[in-house]
Amino acid sequence: MSGRGEAAGGHPGPSGPDPLAAVEELLQALERGEADPAGLALAELTAEGLARLRSAEELDLEEATSFLMQAAKLLDAKARALLPPEPQAPFKELDDPADDGDAAALVDRLLAYRGFKEAAAVLRRFEEAQWQRFPRGGIVEPAPAGLPGLEGLQLDDLLTAFQRIWEQASEAEPPREIPREEITVAARVRAILRTLREAPAGEVTFTSLFRGQATRREVIVTFLAILELVRLGRLAVRQEVSFGEILIRECAPARQPWAEGGAS
Amino acid sequence: MTSPDQLALHGLPLNRLVPILEALLFAAQEPVTPARLAEAAGASEAAVLEGLAELRRQLNESRRGIELVEVAGGYRLFTRPEYAEYVQALLQPVRAYLSPATLETLAVIAYRQPVTRAEIEAIRGVQCDRALKNLLERELVREAGRKDAPGRPILYVTTQAFLEYFGLRSLADLPPPESFGGRQ
């Protein structure tokens, strides 16, 4: 699919150096009716956009997924516009809107999606404004159904993530001259809570809680500590995308059997 | 403007009704409708509305730490936004913003309700299982019957909790769809 030498009436291609913003420009042109899906110049745009995402020091997931989704839809719209139309079904009405073909419907969906993204941004502003207000007793968020503390993932997802960590942990105990300190679940629970309280925004990744642990024993004890905290409702665990990083934060305590100096 | 010691509608003095309403709103754990306040206070709804206006005036004039807010079809007392940092220092709330994917899903439901999962996914172009599950768990949306279509898919709508969460009086407080760039 070439981005040059397009059919007459095709959009000349986006201006400006930023391919991510260029996608927005194309969408606006489609909305104004100034662009024909068949004439979209997409090859160079998508290549530049992907190159930019790859070269970025830190991948902005939201920006990347937004670009990929919109670019994919533009490509789909162009492909459908270039393909010959399907033969008309018998007795189809002459002014049936579907006569415009799937391309028009796809463009409509694309533009509708853009509108909903803006609506989501408005909801975000309402959310942030309302978070500055507190009713008596503070905010009590509804407890999630199912296993308390898990948001956007199941227990199986947690086990899968643990399995990845387990496979990396060493089977052999490292040689030591100093007697090894026993690691208890209680001690790990206290350490995890300390880590969460010191973390920026009070949230850490699941993987980071296992950082620096060389042996399988340490990995097991840490995982047991996490499960115990989830069971007690002390942790909220969430995963925003499938197979994505699991994020952990502390919840308001229901009871505190793991207080410093408490029984293990 | 009605003087506080004058009689409100149906006989209850404003300067007696206003503190009653303040006490009721302080005790309530959720927004309270004027009808419910009237029932509890033994006054008419019209008097309650007058009393609420007076309570709001008093709270605003003296710049008290709390304000009266109309939300989710009722009224509730909240701390003022300008004192949020102090309240946060005390409560240290642990809250998670809704993710972008969840917000987009919620925006589709808010503007297109009642709407099925397939309709949401057709607009967003991706699956929305996790986002929908998250919204159901947080009680920001609920199931509202099934669509009369093949497969009888479940319909989703927003809830009262949705209005409270975003500080809206009703769905009419949402910006009109035509104010957004895309086609809704």
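The values are calculated or read from the model by the stated rules, or taken from the named source; none is laboratory data. Note that the structure is predicted; figures quoted are calculated from it, not measured. Counting neighbours? That spans all protein chains shown, and the Cβs are built from the backbone with ideal geometry, glycine included. These area figures cover heavy atoms from the full protein model, side chains too; ligands, DNA and RNA do not enter into them. Shrake-Rupley method; radii C 1.70, N 1.55, O 1.52, S 1.80 Å.
Looking at B:Tyr111, B:Tyr165, which one is modelled with pLDDT of 90 or more, touching an Asp or Glu at 6+ places or on another chain (Cβ under 8 Å) and at the interface with chain A (Cβ under 9 Å from one of its Cβ atoms)?
Values: B:Tyr111 fails: touching an Asp or Glu at 6+ places or on another chain (Cβ under 8 Å).
Going through B:Tyr111, B:Tyr165 in turn, just one is modelled with pLDDT of 90 or more, touching an Asp or Glu at 6+ places or on another chain (Cβ under 8 Å) and at the interface with chain A (Cβ under 9 Å from one of its Cβ atoms): B:Tyr165.
Can you list residue pairs whose Cβ atoms sit under 6 Å apart, with the first residue in region A:22-36 being more than 12 Å from A:Phe67 (Cβ to Cβ) and the second being open to solvent by 10 Å² or more (accessible area, probe 1.4 Å) and at pLDDT 75 or above? Count only pairs 6 or more apart in sequence or on different chains.
A:Ala29/A:Ala35
Of the conditions (1) open to solvent by less than 40 Å² (accessible area, probe 1.4 Å); (2) at pLDDT below 75; (3) under 26 Å from B:Ala122 (Cα atoms), A:Ala35 satisfies every one except a single condition; which number is it?
It fails just one condition, (2).
Please give the number of the condition B:Leu77 fails out of (1) within 11 Å of chain A (Cβ to nearest Cβ); (2) hydrophobic (A, V, I, L, M, F, W, C); (3) in contact (Cβ under 8 Å) with a residue 40 or more places away in the chain; (4) out of contact with any helix residue (DSSP H, G or I) (no Cβ under 6 Å at 6 or more places or on another chain).
Going through (1) within 11 Å of chain A (Cβ to nearest Cβ); (2) hydrophobic (A, V, I, L, M, F, W, C); (3) in contact (Cβ under 8 Å) with a residue 40 or more places away in the chain; (4) out of contact with any helix residue (DSSP H, G or I) (no Cβ under 6 Å at 6 or more places or on another chain) one by one, B:Leu77 breaks only (4).
If the requirement is being within 20 Å of B:Leu25 (Cβ to Cβ) and in a loop (DSSP other than H, G, I, E, B), which of these qualifies: B:Arg95, B:Arg64, B:Arg76?
Values: B:Arg95 fails: within 20 Å of B:Leu25 (Cβ to Cβ); B:Arg76 fails: in a loop (DSSP other than H, G, I, E, B).
B:Arg64 is the lone residue from the list that is within 20 Å of B:Leu25 (Cβ to Cβ) and in a loop (DSSP other than H, G, I, E, B).
For region B:107-162, what are the residues that are under 17 Å from B:Leu174 (Cβ atoms) and either among the charged types (D, E, K, R) or open to solvent by 30 Å² or more (accessible area, probe 1.4 Å) (or both)?
Hits for region B:107-162 are B:Tyr111, B:Arg112, B:Gln113, B:Pro114, B:Gln160, B:Ala161.
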